[in-house]
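Trainee: Dropping a structure here in structure tokens format, bear with me for questions.
The values are calculated or read from the model by the stated rules, or taken from the named source; none is laboratory data. Nothing here was measured: the structure is a model prediction, and the numbers come from that model. Don't worry about glycine lacking a Cβ; one is built from the backbone with ideal geometry, like all the others, and counts go over all protein chains shown. Accessible surface areas use protein heavy atoms only, side chains included; no ligands, DNA or RNA. Shrake-Rupley method; radii C 1.70, N 1.55, O 1.52, S 1.80 Å.
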Amino acid sequence: QVHLVESGGGLVQAGGSLRLSCAASGSIDSVNAMGWYRQAPGKQRELVATMTTGGQINYRDSVKGRFTISRDNTKKTVDLQMNNLQPEDTAVYYCFYLVVNYVWGQGTQVTVSA
């Protein structure tokens, strides 16, 4: 069973950067994809970035050119480098692994002040 723990959230001014990290424990041999969602207050959870085990990467349009997803198979981590953060990026960020079902982390808060 896969267990995920996120870290790296915080408060940053607009234009700043943060790096989120998601550490997996357990077997990830059957993982098909991993990535990040976010949920802002009063809004639905939305996809931010995904990466398949084959290396295909997708970003939502609003973060393209600013966010970069990466993984380290040895460390079993998936990171999200976020640059030029804007107030609209404020949300709780959740990492996920897609095995048979989605496995979620507990979430980490990212707050961007104007």
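Trainee: Which residues does the label zone of residue 113 cover in segment 1-15, counting backbone N under 15 Å from a point 7 Å along Cα→Cβ?
Mentor: Inside the label zone: 10-15.
Trainee: What does the charge dipole of the chain about its Cα centre add up to, to the nearest 20 debye, if the Cβ of each Lys and Arg holds +1 and the Cβ of each Asp and Glu holds -1?
Mentor: It comes to approximately 40 debye.
Trainee: Okay, next question. Using the Karplus curve 6.51 cos²θ - 1.76 cosθ + 1.60 with θ = phi - 60°, work out ³J(HN,Hα) for each residue of segment 72-85 in order, rounded to whole Hz, and write x for Gly and Pro.
Mentor: Karplus-based 3J(HN,Hα) across segment 72-85 equals 10, 5, 5, 8, 6, 10, 10, 10, 10, 8, 10, 10, 6, 5 Hz.
Trainee: Taking Cα pairs under 8 Å and at least six residues apart, what relative contact order does the chain come out at, in percent? Don't skip to the answer; put the middle values down first.
Mentor: On the way: 278 pairs, mean separation 42.7, N = 114.
This gives 37 percent for the chain.
Trainee: While we're on this one: Ordering 68, 111 by accessible area with a probe of 1.4 Å, largest first, what comes out?
Mentor: Values: 68 70, 111 50 Å².
Heavy-atom accessible area, descending, gives 68, 111.
Trainee: Just to check I understand the Karplus step: with θ = phi - 60° and J = 6.51 cos²θ - 1.76 cosθ + 1.60, what whole-Hz values come out for segment 54-59, glycine and proline as x?
Mentor: x, x, 6, 10, 9, 10
Trainee: At a Förster distance of 30 Å, what's the computed FRET efficiency of residue 102 paired with residue 74, Cβ-Cβ distance as r, to 0.05?
Mentor: Details: r = 24 Å, r/R0 = 0.79.
Approximately 0.80, to the nearest 0.05.
Trainee: Right, something else. Hey, can you find the accessible area per residue of the chain for me, probe 1.4 Å, expressed in square angstrom?
Mentor: Details: 6050 Å² over 114 residues.
In whole numbers, the chain has 53 Å² accessible per residue.
Trainee: A further question on this structure: Calculated FRET efficiency, residue 1 and residue 81, Cβ-Cβ r, R0 41 Å, to nearest 0.05? Please report the intermediate quantities before stating the final value.
Mentor: Details: r = 28 Å, r/R0 = 0.68.
According to the calculation, E is roughly 0.90.
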